[in-house]
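Notes follow once the structure below has been shown.
The values are calculated or read from the model by the stated rules, or taken from the named source; none is laboratory data. Note that the structure is a prediction, hence the values are computed from the model and not measured. So basically every Cβ, Gly included, is an ideal-geometry build from the backbone, and we count neighbours across all protein chains shown.
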Amino acid sequence: MKKELKKRVIEILENTYKGAKCGLDFNSPYELLVSTILSAQCTDERVNEVTKELYKKYNTPEAMVTLTEQKLGEIIKSCGLYKNKSRNILAASKSILNEHNGKVPENMEELIKLPGVGRKTANVVLSNAFGVPAIAVDTHVFRVANRIGIGTGKNVDQVEKELMKNIPMEKWSDAHHYIIWHGRKICKARNPQCSVCPLSECCEYYSKNKPSQK
């Protein structure tokens, strides 16, 4: 995809989804970290339902570590993968207490050392809790970026690097939200709604798959 077309893609996304924000409800970096861990293979809506109750009592690492894996697992069970998630949340909370004076780290290097935290989760926290320019590549971003042609790659790390190269740094965090919402609203996994997509003029997927005109 040519440079001018990549720029046009970002302009269209910005015009379409301007104001789009993180779908997870949070009041602190710690809450966002926990919510992002919970969001793996789970909808933001479900996570928000669960954390609305969870954070009434357990919204700090100090409070969270008073729970057992079993008890936390019972609370978050409807988010799926609850055994691994409860184990990682408690281990990450202990690490934050023991190694970071109870504060969520504000840099990628330290964040990805926390149990259950990869680059995607770290980028979500950096971008939304600390205002650090970042592009978190989840399933929506990976799919949409590859389909459009603005960030191609066989894995999330490759797509992240491509997007960082193709999008101005000052727009990284906003563009992340634009792409997510485009994936949820229009560029869906099984049935992309190309007929109503504002990006059809730029999209490589549409160019290859559009109906032939007789």
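So here's what we get for this one:
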quantity	calculated
Residues (basic (Lys, Arg) and under 12 Å from the mean Cα position of the chain (by Cα)) located in segment 118-173	Arg119, Lys120
Residue in segment 175-189 that is farther than 30 Å from Lys210 by Cβ, over 12 Å from the mean Cα position of the chain (by Cα) and either touching a residue at least 60 places away in the same chain (Cβ under 8 Å) or surrounded by 15 or more Cβ atoms within 10 Å (Cβ to Cβ) (or both) present	no
Any hit, segment 111-122, residues being farther than 17 Å from Phe26 by Cβ and of a type in the set (Lys, Arg)	yes
Options Lys161, Lys208: the member that is modelled with pLDDT of 95 or more and either in a helix (DSSP H, G or I) or on the phi > 0 side of the Ramachandran plot (or both)	Lys161
Looking only at segment 112-138, and only at residues there that are part of a helix (DSSP H, G or I) and without any contact (Cβ under 8 Å) to a residue 24 or more places away in the chain, the one that is nearest to Lys85 (Cα to Cα)	Ala122
Val104, sole failed condition from (1) of a type in the set (A, V, I, L, M); (2) in contact with an Asp or Glu (Cβ under 8 Å, 6 or more places away or on another chain); (3) in the same structural domain as Val65 (by TED's automatic domain parsing)	(2)
Out of Val9, Val34, sole residue that is touching a Cys at 6+ places or on another chain (Cβ under 6 Å), of a type outside the set (Lys, Arg) and either modelled with pLDDT of 95 or more or part of a helix (DSSP H, G or I) (or both)	Val9
Some residue of segment 20-39 being touching a residue at least 60 places away in the same chain (Cβ under 8 Å) and of a type in the set (D, E, K, R)	yes
Members of segment 54-68 found to be in a helix (DSSP H, G or I) and of a type outside the set (Phe, Trp, Tyr), listed by number	Leu54, Lys56, Lys57, Pro61, Glu62, Ala63, Met64
Segment 74-103, residues that are crowded, with 16+ Cβ neighbours inside 10 Å and either of a type in the set (D, E, K, R) or more than 20 Å from Thr121 (Cα to Cα) (or both)	Ile75, Lys85
Selected residue (criterion: farthest from Val47 (Cα to Cα)) from residues of segment 68-79 that are without any contact (Cβ under 8 Å) to a residue 40 or more places away in the chain and within 22 Å of the chain's Cα centre (by Cα)	Lys77
Meets criteria (over 19 Å from Ala134 (Cβ atoms), crowded, with 16+ Cβ neighbours inside 10 Å and at pLDDT below 95) for Met64	no
Count of segment 1-43 residues which are more than 19 Å from Glu170 (Cβ to Cβ), within 16 Å of the chain's Cα centre (by Cα) and of a type outside the set (Val, Ile, Thr)	15
Matching residues in segment 40-61 - criterion: being charged (D, E, K, R), over 22 Å from His100 (Cα atoms) and surrounded by fewer than 13 Cβ atoms within 10 Å (Cβ to Cβ)	Glu45, Lys52, Glu53, Lys56
